[in-house]
Structures are given as C-alpha cells and as structure tokens.
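This report concerns only the one structure given below.
The values are calculated or read from the model by the stated rules, or taken from the named source; none is laboratory data. Computed from a predicted structure; not experimentally measured. We place every Cβ from the backbone using ideal geometry, glycine too, and count neighbours over all the protein chains shown.
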Amino acid sequence: MRSELITRALGFAGLLPFYLFLAGLLWLVDYPRALSAQGFIIYSLAILCFLAGAVWGDARRLPPEQQTWRLLVSNGLVIFAVVSLLTAQLVLAAFLLMLGYLALLWYERRVDSHRDWYSAMRAQLTSGVVIAHMLYMGVHSAGA
C-alpha cells in the first residue's frame, strides 16, 4: 500500500510542472515567457522518455521471447520524442509529444490485459498531460 501511495503522489506531482510552465506562458513576458514555453516542451520530452524507460524495465522482466516488441516500442518512443523536439517548432513539438503520450497509453492497454489502480492512474495522468498540451498549443498559438 505504501508504494501505491508514493507512486500516486509522484505521478500526480509530475503534472505540476506542466501547469506551472503553462502559468508562466500565460502570465510572464519576454525571456521568462519564452523560457516557460521551452521548459514545457523539454519537461514533456523528459517525462515521455521516463515512461519509455518504464516500458523498457517492464520488458526486462518478461521471458526473452516476449521482450522484443516492448524494447522496440520503448526505444522507438524515445526517438519519436527527440525528433518531435528537433522540429524546432514548439506547437508542433507539443502536438507530437501529446500523440506520443496517447500512443503509449494505447500500447500499454493493448499489452496489459488486467486493469488495476495503476492502469487507472496512468489513464488519469495521461488525460492531465493531454489537456496540458492542448492548452499549451492554444495559449502558445494565441500569444505567438
């Protein structure tokens, strides 16, 4: 139970930087605003890569014949996330990263047939991240 509580607390705390960067994008000007815009994308990249690492870790616990696809998905997700940042267009990067989160949730649900507190939490967190990305794209586009 303690690890579940810590996992939940860390998971939902991980949403805070998304929304703090959004607040900076809304209320700051000049360099601090630009820093918030870039910080959001960099943080998103970091979290998506962290989640890809979790897929890698899960794969390592499986029998060798079941590891291949998960390892490929994990690495492919990191490459996709980095390429999204290399577009050098923040709104496009936000959109692509958002797609990465949705694709990861879809994949996790396909390979993990049992639904428990963790899968429910992942869906809630992904919803929070997707909403943050949609707000980011709207605010950034309006203020650009």
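Observations, loosely collected:
- Filtering the stretch 115-126 to residues that are out of contact with any helix residue (DSSP H, G or I) (no Cβ under 7 Å at 6 or more places or on another chain) and either outside any helix (DSSP H, G or I) or exposed (fewer than 13 other Cβ atoms within 10 Å of the Cβ) (or both) leaves Arg115, Asp116, Ala120.
- Residues satisfying the stated conditions in the stretch 67-102, i.e. among the polar types (S, T, N, Q), out of contact with any helix residue (DSSP H, G or I) (no Cβ under 7 Å at 6 or more places or on another chain) and surrounded by 12 or more Cβ atoms within 10 Å (Cβ to Cβ): Asn75, Gln89
- Every test in (1) surrounded by 12 or more Cβ atoms within 10 Å (Cβ to Cβ); (2) within 16 Å of Glu108 (Cβ to Cβ); (3) not aliphatic (A, V, I, L, M) is passed by Tyr19 save one, and that test is (2).
- Residues in the stretch 16-41 that are of a type in the set (A, V, I, L, M, F, W, C), in contact with a helix residue (DSSP H, G or I) (Cβ under 9 Å, 6 or more places away or on another chain) and more than 15 Å from Val91 (Cβ to Cβ): 7 in all.
- The one condition in (1) modelled with pLDDT under 90; (2) closer than 21 Å to Tyr118 by Cα; (3) exposed (fewer than 13 other Cβ atoms within 10 Å of the Cβ) that Pro63 fails to fulfil: (2)
- Tally of residues being in contact (Cβ under 8 Å) with a residue 12 or more places away in the chain and of a type in the set (Ser, Thr, Tyr) across the stretch 84-122: 4
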